[in-house]
Amino acid sequence: MSLSKPLTRRIWRAVRRRWTATLSWRDLASGWGPVADVGVLPGDPLARLGVPADAASDSHRWVEFLGKTRYLNGAKAVVTHSIDDTTEFLPRCLDAIDGHDIKATLFVVTRAEPLISHLWPRLRQAVGNGHEIGSHSRRHPCRVPESFLFCISHMTQDEIEGSRDDIRGNTDQPYVWSFAYPCGNCSDRPFVQRKIARAGYITARAYPDELHDGHALPDLQDYDPNPYAARYTQVVQNGYPKRVVAGRVVAVAGRTDVPTLNGKFDEVSASGGIYSFVSHPQMLDYGRECFYEQHLEYIGRRPDIWYVPMGPLYAYRVLREQTAVRQIASPGGRISFAVFNPLDAKVFNGSVTLEFRAHTPVNVFAGARPLAEGGAGPVTSWRGEYMRRAGQNLLITVQPNTVVTFRRCEKGN
Ligand SMILES: [Zn+2]
C-alpha cells in the first residue's frame, strides 16, 4: 500500500510540529555516509609552490632542520578557553579575559534575538583581538537527557549550517572552525558528528553529563582523540544549588575554589599539556578579587604559554602533522627548505614552528620576505611569522606552503 501524497504531507507536517520547525528532508540523509577530510586540496602541494617534485636536495649542511616544535613558537604548554551562550554578561566576561590576554572561543547562539544583534559589534571587535567566534547553534535546543529522536529532530542543518552562515554574515572571521553542543546534547552520536564535519567545522566541544556532574572536571589535558566530541580540563564557574533537570530538582556542581583551579592548571602546564577551561558568563562573579579573575590573573601572561582559541588549536594539530619540510637545491651562499602541506589555507590559516641549527650567522627569509626577530614572551596569535633564538637553535615560525631560505651573513673584512 502506498500513502497518498496529501496524507504523507500531513504526517510530515505533524512530525515537524511535534518535534521541530527546522527539520528538513535533507536532514534525514545528511548524518550518514563517509565524510571527506575538511580543507584538504587535491593535487601536488610542491607543484603549487613551484618546486619540482624531483628537486635535488642540497648537500650543504651549515643549516640543519631538527624538527617541528610541539606547540607554536616552542611554547611549553597551551591555554585555551571557551565561553558558552549568548547572554548580557558576555561583554563583561570578554573585558575580563582581555585584561589578562587570554584567548577564547565564544560559542554564541546566533538567533538569540534581540540580544545577539546588540552583541555582534562587540563580537567583531573580539575577532580583531584574536578570539574566535564558534557556533552554539541557532536556538540552543536542549533536553536532558537527550534521545536519538531528539538528536535527529533538533541537530538539524538549520541549526548547524545556519549558525555557521550567521557567523560568516555578521563577522569578518575568515572561517568558522568550532561548534559546541547545546547542553552537551548528542555529542556522542556519530551521525551528529558527521553532520558537523560535513558543515566544515574541524572540532566540536562536548559538555559531558551535567546531570551527574560529569561536566565539572572531564580532566582532558591534551587534544581529544575525537575532535568532534572534544572534552576539556575543567569548568570555572558557579554551580546551581537548585536547578530543574529532566523534571528533577538537582544541584549542579561548579568549580570556584581558586587554589584548586590554579592547582589543576599547574598540573597540566608542568606536563606540557593543553589546559582547556570552560565558563558560562552568567555563572561567574566579576571583580579582581573574585574567583574567575583571580584564576585568569594566575594563568595569564606567562612567557612560555601559547594562548589560543580552540578552533585554531585543533587546526594547528592538523597543520603540524601534515606539514613536510624538504631541503631543495639553492644557489651558493644559501640553503632553502620547502615547507608544504596539502591543506587549504582558508581553513588552516595558522603558522607552524620549525627548529633549525645554524653553524654560521644567517639571515632568514620566508619567500622573499626577511623574518624579523620576535616572538619572545607569551604567544597570543596563531598566525605570526618571525624567528627566535633558543640557545644554539633558531625557531622559525611561518605559515606553510612557502620556501624558507637561510643566507649566510657576509664578513665585513
Ligand atoms: Zn549552552
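Derivation of every value follows stated rules applied to the coordinates shown; laboratory data play no part. Quick caveat: nothing in here was measured; it's all calculated off a predicted structure. Cβ coordinates were reconstructed from backbone atoms using ideal geometry, including for glycine residues, and neighbour counts include every protein chain displayed.
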- Per residue convex hull volume, Cα only, the range 305-381, in Å³ is 129 Å³
- Query: Restricting to lysine pairs 8 or more places apart or on different chains, what number in the chain have Cα atoms under 25 Å apart?
  - Reply: 8
- Query: When the chain is modelled as a GNM with alpha-carbon springs shorter than 10 Å, which of Ser117, Ser279, Ser187 fluctuates the most?
  - Reply: Ser117
- Query: Per-residue ellipticity at 222 nm for the chain, helices alone: DSSP H runs ≥ 4 residues times -39500 (n - 2.57), over residue total, nearest 500 deg cm²/dmol?
  - Reply: -8000 deg cm²/dmol
- Provide Phe265, Phe148 in ascending order of the number of other Cβ atoms located within 10 Å of each residue's Cβ, fewest first. Phe148, Phe265
- Message: I need to check one value: relative contact order of the chain, counting alpha carbon pairs closer than 8 Å and at least 6 residues apart, in percent.
- Response: 22 percent
- Item | Rounded Å value of the spacing that divides the Cα centres of the range 328-389 and the range 155-197 | 33 Å
- Message: Test of understanding: in a Gaussian network model of the chain with alpha carbons linked when under 10 Å, which of Gly50, Gly31, Gly99 would top the mean-square fluctuation ranking?
- Response: Gly50
- Message: Could you give me D for the chain, from Stokes-Einstein at 37 °C and 0.692 mPa s, where the hydrodynamic radius is the Kirkwood radius over C-alpha pairs? Units µm² s⁻¹, please.
- Response: 141 µm²/s
- Query: Between Arg357 and Val35, what FRET efficiency follows from the Cβ-Cβ distance if R0 is 56 Å, with the result rounded to 0.05?
  - Reply: 0.85
- Query: Ranked by Cβ crowding within 10 angstrom, fewest neighbours first, how are Ile196, Ile152, Ile305 ordered?
  - Reply: Ile152, Ile305, Ile196
- Message: Within a 10 angstrom radius of the beta carbon, how do His280, His295 rank from fewest other beta carbons to most?
- Response: His280, His295
- Note on the structure: Counting Lys and Arg as +1 and Asp and Glu as -1 over every other residue whose Cβ sits under 14 Å from the Cβ of Gly350, the net charge comes to +2
- Query: Against the longest alpha carbon principal axis of the chain, how many degrees, from 0 to 90 and to the nearest 10, is the axis of helix 258-270 turned?
  - Reply: 40 degrees
- About its Cα centre, the chain carries a charge dipole, from +1 on Lys and Arg Cβ atoms and -1 on Asp and Glu Cβ atoms, whose size in debye to the nearest 20 is 1160 debye
- Message: Need one number: the % of Cα-Cα pairs in the range 145-189 sitting beyond the 12 Å mark.
- Response: 64 percent
- The helix 115-128 Cα axis meets the longest alpha-carbon principal axis of the chain at an angle in degrees, between 0 and 90 and rounded to 10, of 10 degrees
- Mind running the shape call on the range 75-315? Use the C-alpha gyration tensor, a ≥ b ≥ c as the square roots of the eigenvalues: rounded below 1.5 for a/c, prolate if a/b tops b/c, oblate otherwise. rounded
